[in-house]
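Colleague: Pasting a structure below so you can have a look.
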Amino acid sequence: MEILLAGDHKRMPWKNGKGETVEIAVFPSGASIEDFDWRISMAAVAEDGPFSIFPGIDRTLAVLDGNGMMLEIDGRAPALLTTESAPLAFPADIPVSARLADGAITDLNVMTRRGGLTHSLIRIEIDGATPVPLPSPTCLFLCHRGTVSFRRNGETGMLRDGDALLIEQATATVLEIDGEAIAYLVAIITGRPQANG
């Protein structure tokens, strides 16, 4: 396990140059926005406009702060995404544009390279001792707001606003969390998605 402190997250311009992104974690380590296998980041969106295009990438988006935004995704009905909404998954290589509902927002963005990886993203409200299931060997737990302690396989630590815990090659299937926080759990899953039905 590795604690990724909020103050150490890497800041860089958006691929389309119209904003700034805060990279929480990327694989392989040091990969650019052109050649990553997976990437987890946050971004402040201060104006309406198009999303960057990432060929061969799938993405999931959650709104962390602000009054939400309307996403216009090619081939779909417009979707309003707020802090209360479930994270929204869509391809990163089709036209997508955002219209802010009322002022700037901050979002959480998870991206994986299609064909070899998939991912999941869920929002978790922590209020006291909470066992958090780890659905894959590679997971990232983000403490968005609040303070929590964690324990797994005898290792312990503390996370505060914006800190994350990267878990790789996990053998235990549960992360023990205690405290009060709004958090997000990302799971990076190896293999192609299975067809339903």
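Colleague: Just to be sure before I move on: is Thr82 without any contact (Cβ under 8 Å) to a residue 60 or more places away in the chain, surrounded by 15 or more Cβ atoms within 10 Å (Cβ to Cβ) and over 29 Å from Ala31 (Cα atoms) in the structure I sent? Break it down stepwise before answering.
Modeller: Details: without any contact (Cβ under 8 Å) to a residue 60 or more places away in the chain: yes; surrounded by 15 or more Cβ atoms within 10 Å (Cβ to Cβ): no; over 29 Å from Ala31 (Cα atoms): yes.
Here the answer is no, as Thr82 does not meet what is asked.
Colleague: Right, something else. For the stretch 128-173, which residues satisfy the criterion of being among the aliphatic types (A, V, I, L, M) and within 26 Å of Asp107 (Cα to Cα)?
Modeller: Once the filter is applied, which keeps residues that are among the aliphatic types (A, V, I, L, M) and within 26 Å of Asp107 (Cα to Cα), the stretch 128-173 yields Val132, Leu134, Leu140, Leu142, Val148, Met158, Leu159, Ala164, Leu165, Leu166, Ile167.
Colleague: How about the stretch 168-186: which of its residues are part of a strand (DSSP E or B) and either surrounded by fewer than 20 Cβ atoms within 10 Å (Cβ to Cβ) or modelled with pLDDT under 95 (or both)?
Modeller: Val174, Leu175, Glu176, Asp178, Gly179, Glu180, Ile182
Colleague: Restricting to the stretch 154-167, what's the tally of residues that are under 19 Å from the mean Cα position of the chain (by Cα) and surrounded by fewer than 14 Cβ atoms within 10 Å (Cβ to Cβ)?
Modeller: 1
Colleague: Phe51 fails exactly one of the following numbered conditions: (1) modelled with pLDDT of 95 or more; (2) buried (at least 20 other Cβ atoms within 10 Å of the Cβ). What is the number of that condition?
Modeller: (1) is the only condition that Phe51 fails.
Colleague: Cβ-Cβ under 6 Å, sequence separation 6+ or interchain: first residue in the stretch 1-19 and of a type outside the set (S, T, N, Q), partner part of a loop (DSSP other than H, G, I, E, B) and modelled with pLDDT of 90 or more. Which pairs?
Modeller: Sorted first by the residue in the stretch 1-19, then by its partner, the pairs are Leu5/Asp163; Ala6/Gly162; Ala6/Asp163.
Colleague: Could you look through the stretch 92-117, keep only residues that are under 13 Å from the mean Cα position of the chain (by Cα) and either open to solvent by 30 Å² or more (accessible area, probe 1.4 Å) or hydroxyl-bearing (Ser, Thr, Tyr) (or both), and pick out the one that is nearest to Glu20 (Cα to Cα)?
Modeller: So in the stretch 92-117, the residues under 13 Å from the mean Cα position of the chain (by Cα) come out as 106-112.
Those still in the list that are either open to solvent by 30 Å² or more (accessible area, probe 1.4 Å) or hydroxyl-bearing (Ser, Thr, Tyr) (or both) too: 106, 112.
Working: Thr106: 11, Thr112: 20 Å.
Within the stretch 92-117, the match that is nearest to Glu20 (Cα to Cα) is Thr106.
Colleague: Additional query: Among the residues in the stretch 18-32, are any in contact with a strand residue (DSSP E or B) (Cβ under 8 Å, 6 or more places away or on another chain), part of a loop (DSSP other than H, G, I, E, B), modelled with pLDDT under 90 and crowded, with 19+ Cβ neighbours inside 10 Å?
Modeller: Within the stretch 18-32, none of the residues are in contact with a strand residue (DSSP E or B) (Cβ under 8 Å, 6 or more places away or on another chain), part of a loop (DSSP other than H, G, I, E, B), modelled with pLDDT under 90 and crowded, with 19+ Cβ neighbours inside 10 Å.
Colleague: OK, next. Only one residue in Ala89, Ala77 is on the phi < 0 side of the Ramachandran plot, without any contact (Cβ under 8 Å) to a residue 40 or more places away in the chain and out of contact with any strand residue (DSSP E or B) (no Cβ under 6 Å at 6 or more places or on another chain). Which one?
Modeller: Ala77
The values are calculated or read from the model by the stated rules, or taken from the named source; none is laboratory data. What you see is a predicted model; the values in this text were computed from it and never measured. Cβ atoms come from the backbone with ideal geometry, glycine included; neighbour counts cover every protein chain shown. Heavy atoms of the whole protein, side chains included, go into the accessibility calculation; ligands, DNA and RNA do not. Shrake-Rupley method; radii C 1.70, N 1.55, O 1.52, S 1.80 Å.
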